[in-house]
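The next block holds one structure in the form of structure tokens; read it before the comments.
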């Protein structure tokens, strides 16, 4: 079996930035993190976590163990799968706590056809450059490409 999830970067408009990813139904949150990183072309060099709302400090969090001193409560192991956590229909993934890239993650469908690894099946919008300063800075850079140097701001 496979699950199709839509991962949308919050705050980016005209056009929005999202990726639709088909993942194995037993994917762990750690592997979902890697799938999202690949889908957006990022390096994975920053802190990250999954959480139930747009606010990182509300409710449960799933984060890598090396961040244990960053949050002191409500953290769950990255080995959990999508079906292990009662997250409801939609949850969030935040990458880079400085730039604060908040993604909404919406499970859209379950398919009987299995997949062995995550696959991006649809996308819209250019992914932000890492370390560009967050949503407002990215939207400005996107609209002013002359300000970029060699693909980086």
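The values are calculated or read from the model by the stated rules, or taken from the named source; none is laboratory data. Predicted model, so just to flag it, every value in this text is computed and none were measured. Cβ placement follows ideal geometry from the backbone for every residue including glycine, while neighbour counts extend to all protein chains displayed.
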Could you run through the stretch 132-153 and say how many residues are within 16 Å of the chain's Cα centre (by Cα) and at pLDDT below 90? 0
Out of all the residues in the stretch 94-125, which are in a loop (DSSP other than H, G, I, E, B) and in contact with a helix residue (DSSP H, G or I) (Cβ under 7 Å, 6 or more places away or on another chain)? 118
Considering each residue of the stretch 8-25, count those that are at pLDDT 90 or above, farther than 17 Å from residue 122 by Cα and in contact with a strand residue (DSSP E or B) (Cβ under 7 Å, 6 or more places away or on another chain), and give that number. 1
Of the residues that make up the stretch 117-128, is at least one within 20 Å of residue 48 (Cα to Cα) and modelled with pLDDT under 95? yes
Can you confirm whether residue 70 is out of contact with any strand residue (DSSP E or B) (no Cβ under 6 Å at 6 or more places or on another chain), part of a loop (DSSP other than H, G, I, E, B) and at pLDDT below 80? yes
Can you say whether residue 5 is surrounded by 20 or more Cβ atoms within 10 Å (Cβ to Cβ), closer than 18 Å to residue 116 by Cβ and modelled with pLDDT under 95, as far as the supplied structure shows? yes
Output for the stretch 126-145, where each listed residue is in contact (Cβ under 8 Å) with a residue 40 or more places away in the chain and either in contact with a helix residue (DSSP H, G or I) (Cβ under 9 Å, 6 or more places away or on another chain) or under 20 Å from residue 23 (Cα atoms) (or both): 126, 127, 128
